[in-house]
Each structure stands twice: as C-alpha cells, then as structure tokens.
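Chemist: Handing you this structure, nothing more for now.
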Amino acid sequence: AEPGERSEVQADGTDGSCVTFVLHDEDHTLGNSLRYMVMKNPDVEFCGYCITHPSESKINFRIQTRGALPAVEPFRKGLNDLMGVCQHVLNTFEKSMKEYRAQREEEMQVAFEDGSPHGCV
Amino acid sequence: EEEGTLEFDMVGIDAAIANAFRRILLAEVPTMAVEKVFVYNNTSIVQDEILAHRLGLIPIRADPRLFEYRNQGDEEGTEIDTLQFQLKIKCSRNPRAAKESSDPNELYFNHKVYSKHMTWVPLGNQTDLFPDADFRPVHDDILVALLRPGQEIDVLMHCVKGVGKDHAKFSPVATASYRLLPDITLLQPIEDEAAEVLQKCFSPGVIEIQNIKGKKVAKVANARLDTFSREVFRHEGLKNLVRLARVRNHYIFSVESTGILPPDVLVSEAIKILMGKCQRFLNELDSVPMD
C-alpha cells in the first residue's frame, strides 16, 4: 500500500455508522491524537484504534456513531479539528517565540548601554 | 533558552496531542545524514562497516528543507536529494619530532581523524543552487578514527534526507521531552526548624523562608524548579502538611537540538508535520467518492 493510503472496512450487516478505517504508515502519533479529537464529538458512541502488529506500519481506527450518522463525518471532523488545534498551537508558539526574541534583544540593548563607557567619562 | 536547547510551556492541551508533538520531534522531523559510504581505501584499524556507522552518526549542518527524499531503490542520487562529502586523509611521521618523544600528537601528522576533515564535494549544479552554502558537520571535533603512519582513509559519503523512525541518526533532537508543572501546596503554616527542614527537602529555589514577626515561615516560591524527589514524605512531621500535585494541562517542553536546526524551528516543523498528516487523510477522503 502507498504511504498514507486509507481504506475502509465495514462488517457485514451494519450500516455506515460503524466503520474501521485502516490508516497506512501511521502509529500512535496520529492514532492517539486523532482518537482524542474524535472522542470529543458527542455524536460518537465509540472511537478507538490499534496497531495491527508491531512489524506492520498501519493502524485500525474504529469509529461508531450514535444513530444514523455515517462514521466518515466524525472522522472528517476529527481531522479538521486536529488541524485547527495544530494551527492554533503553531500560531501561539511562533507569536510567543517572537515576543521572547524581542524581549531578549531589548535586554541585550540595555546591558550594552549600561556597559558602554560613554556614560562615565 | 540557551544555545541549542529550548524550554517552553504549552498550557491547556491534552497529553494525546502533546505526546504527538514529542513523538514527531523524535522520529518524524527530517534531517540529512550520511547514508552511503563508498570506501576507496581504508587501511586503518577501524573496519569499513564500523567506520561507515560512525560517519552516519555525525550531525551534518544542512537544512533538510532544501532537499527531497531519495526515491526507493535509487542508488545514484542527484543534486536535489544528495550531499556528497569526502574524507581523504593519510597519517605520516613528523620528521621534526623530538627523538625521545612518545607523544603521538608530536610524532605523527594527521593521526587523529576528526569530523572537520570531511569536505563537501558539490554534485551537479549544487554550487549554483547553493551559492553561499557551507555544508559541513555541526561539530568540528568529533573523533572518527585514529591512524598510525602509513595508514589512510579515503571514502566518499552520500548524505540523504531521512527521518528518525527509519534510523536514529536522522533524529534532529538529542532529547525532546515534556513534564507537567509541579503544584506544591502547604496545608498548614510551617515555621522555624520545620521550615528549614522543608526547604532542604526540595530543589534550591522551590521553598522560600520569609521572616514574619520574628518567625521563619516557609512559602512556595517557585514550584517549577521541583524535581518530584518526594523527599518530604520521608519526614514524619512534614508528610501530612504538604500536598504534591501536578497541573494536569500545563506541559513544560524541553527540546535539545543536535545543532542542525534551531530548536524553535524544529517545534514549528513538528506541528506542521502533524497538520500534514491530517491534510493527507482529508485529501484521501475527498478523492474517494462516497456512495
């Protein structure tokens, strides 16, 4: 399978509300964070994942929804939410990094002016 | 914070996501490392495969974002996915060494092979692609091998882009970890000798002793510095007066770069990689027609 390829497994006799997504080339990194995001969705009855075998690099990601909602929807929502969280973390991190740099520069400037000889002739 | 290391706080996030960032930092942020070593001559006592392994572990200062991954099965490499280095060095006797000397540093030339002896050999049009590039090992003083007169090493190395889950040599961090912010509460006022005992139970700076109306009163000054040694619980008189807890959504990350990329860039890259993973599956969802 190609990296990142997704396939769906659906047990016989069930509707689209209980689906196992097979995510190739993924592990706990995406599995656990996506599970956490999907579980926040009140429409989701069950969400869990497992690594099929240590020597296979794929995970089975199971979603069961309450009622008739197709499981793809919370899956998509979970991915979008996780993207949103990442974007927020990235913006916050880069903003505070910029602030920290500016503050450091200011301190350096002050230290330089204090240490310079022109103040004490 | 300091050169090559960064400590920052991430507040209001769950372990699932904090751990994803940590895992990506360790295993999925790409770097360039020596992957193929072509041995033309190696008469040193270091065997070829050991030498190749040692060369692979040397961090190479080259921005991996400038390069592509090499395709599977590609043995040749091109200017867009490969950096070539040469290590050609021969040890010889120093004719001007003092007769009675027993110091190899004085007796021989080039008897220590360091990472600084690696030189970049541009491939294809790399000199035009990177006009002001300075590709070299991060550290000049990594000892690769020891030689004796007459021994020589002549190898060509191909560096490729890779990730830590393929081989740890590609990992861009020395460590990347997080801990929760400690939360220390004194349930009763602790005074005088007890306060001093309490202060000694924690790392320096955690407990501060204030003088209030001639009494020494212990106060939590900076819980962040605590290491959770749990030393207080060994003291019968103190163990019921102190509550040790952690702030469950306050993560203190510490990222120590190997020096290839600055740590803040690594964190940004890690977040982008997680976003990339989401985007990839969203694209998959959109490309497969749903019935």
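The values are calculated or read from the model by the stated rules, or taken from the named source; none is laboratory data. Note that the coordinates shown come from a computational prediction; the quantities given were computed from them, not determined experimentally. Here Cβ is always computed from backbone atoms with ideal geometry, including for glycine, and neighbour counts include all displayed protein chains.
Chemist: Condition test on A:E94, is it within 10 Å of another protein chain (Cβ to nearest Cβ), under 20 Å from B:M275 (Cα atoms), modelled with pLDDT of 95 or more and more than 15 Å from the chain's Cα centre (by Cα)?
Modeler: Numbers: within 10 Å of another protein chain (Cβ to nearest Cβ): yes; under 20 Å from B:M275 (Cα atoms): yes; modelled with pLDDT of 95 or more: yes; more than 15 Å from the chain's Cα centre (by Cα): yes.
Taking the combined requirement at face value, the residue satisfies it.
Chemist: May I pose another question? Which one of these is basic (K, R) and not in a loop (DSSP other than H, G, I, E, B): B:K165, B:K99, B:K116?
Modeler: Numbers: B:K165 fails: not in a loop (DSSP other than H, G, I, E, B); B:K99 fails: not in a loop (DSSP other than H, G, I, E, B).
Only one candidate passes the filter, namely B:K116.
Chemist: Would you confirm whether or not region B:109-118 contains a residue that is free of Cβ contacts under 8 Å to residues at least 12 places away in the same chain and more than 30 Å from A:E56 (Cβ to Cβ)?
Modeler: As a first pass, look at region B:109-118 and keep what is free of Cβ contacts under 8 Å to residues at least 12 places away in the same chain: none.
Checked against the condition, which is being free of Cβ contacts under 8 Å to residues at least 12 places away in the same chain and more than 30 Å from A:E56 (Cβ to Cβ), region B:109-118 yields no hits at all.
Chemist: Any residue that is out of contact with any helix residue (DSSP H, G or I) (no Cβ under 8 Å at 6 or more places or on another chain), buried (at least 17 other Cβ atoms within 10 Å of the Cβ), on the phi < 0 side of the Ramachandran plot and among the small types (G, A, S) - is there at least one of those in region B:214-228?
Modeler: Yes.
Chemist: Quick one: would you say B:E3 is within 14 Å of another protein chain (Cβ to nearest Cβ), outside any strand (DSSP E or B) and either without any contact (Cβ under 8 Å) to a residue 24 or more places away in the chain or surrounded by fewer than 18 Cβ atoms within 10 Å (Cβ to Cβ) (or both)?
Modeler: Values: within 14 Å of another protein chain (Cβ to nearest Cβ): yes; outside any strand (DSSP E or B): yes; either without any contact (Cβ under 8 Å) to a residue 24 or more places away in the chain or surrounded by fewer than 18 Cβ atoms within 10 Å (Cβ to Cβ) (or both): yes.
Yes: the conditions hold for B:E3.
Chemist: Within region B:60-83, can one find any residue that is part of a strand (DSSP E or B), farther than 30 Å from B:G4 by Cα and either touching a Cys at 6+ places or on another chain (Cβ under 7 Å) or modelled with pLDDT of 95 or more (or both)?
Modeler: Let us first name the residues in region B:60-83 that are part of a strand (DSSP E or B), namely B:60-61, B:82-83.
From the residues that got through so far, the ones that are farther than 30 Å from B:G4 by Cα too are none.
So far as region B:60-83 goes, no, none of its residues is part of a strand (DSSP E or B), farther than 30 Å from B:G4 by Cα and either touching a Cys at 6+ places or on another chain (Cβ under 7 Å) or modelled with pLDDT of 95 or more (or both).
Chemist: Please state which one of A:A71, A:A111 is touching a residue at least 40 places away in the same chain (Cβ under 8 Å), of a type in the set (A, V, I, L, M, F, W, C) and more than 8 Å from chain B (Cβ to nearest Cβ).
Modeler: Working: A:A111 fails: touching a residue at least 40 places away in the same chain (Cβ under 8 Å).
Criteria check complete, one pass: A:A71.
Chemist: Let me ask another. What strands (runs of 3 or more DSSP E) lie completely within region B:192-291 and have 1 or more residues being within 14 Å of chain A (Cβ to nearest Cβ)? Steps first, answer last, please.
Modeler: Working: elements: B:207-212, B:215-220, B:242-257.
Qualifying strands (runs of 3 or more DSSP E): B:242-257.
Chemist: Count, please, the residues in region B:14-42 that happen to be of a type outside the set (G, A, S), within 13 Å of chain A (Cβ to nearest Cβ) and surrounded by fewer than 19 Cβ atoms within 10 Å (Cβ to Cβ).
Modeler: Quick first cut of region B:14-42, residues of a type outside the set (G, A, S) only: B:14, B:17, B:19, B:21-26, B:28-32, B:34-42.
Restricting the remaining residues to those that are within 13 Å of chain A (Cβ to nearest Cβ) gives B:14, B:17, B:19, B:21-26, B:28-29.
Imposing the further condition that a residue be surrounded by fewer than 19 Cβ atoms within 10 Å (Cβ to Cβ) reduces the set to B:14, B:19.
Within region B:14-42, residues that are of a type outside the set (G, A, S), within 13 Å of chain A (Cβ to nearest Cβ) and surrounded by fewer than 19 Cβ atoms within 10 Å (Cβ to Cβ) number 2.
Chemist: Anything in region B:176-205 that is loosely packed, with under 15 Cβ neighbours inside 10 Å and touching a residue at least 60 places away in the same chain (Cβ under 8 Å)? List them, or say none.
Modeler: Scanning region B:176-205 gives B:S177, B:R179, B:T185.
Chemist: List the residue pairs whose Cβ atoms are under 7 Å apart, where the first residue sits in region A:41-52 and is of a type in the set (G, A, S), the second is at pLDDT 95 or above, and the two are 6 or more positions apart or on different chains.
Modeler: What qualifies is A:G48/A:R35.
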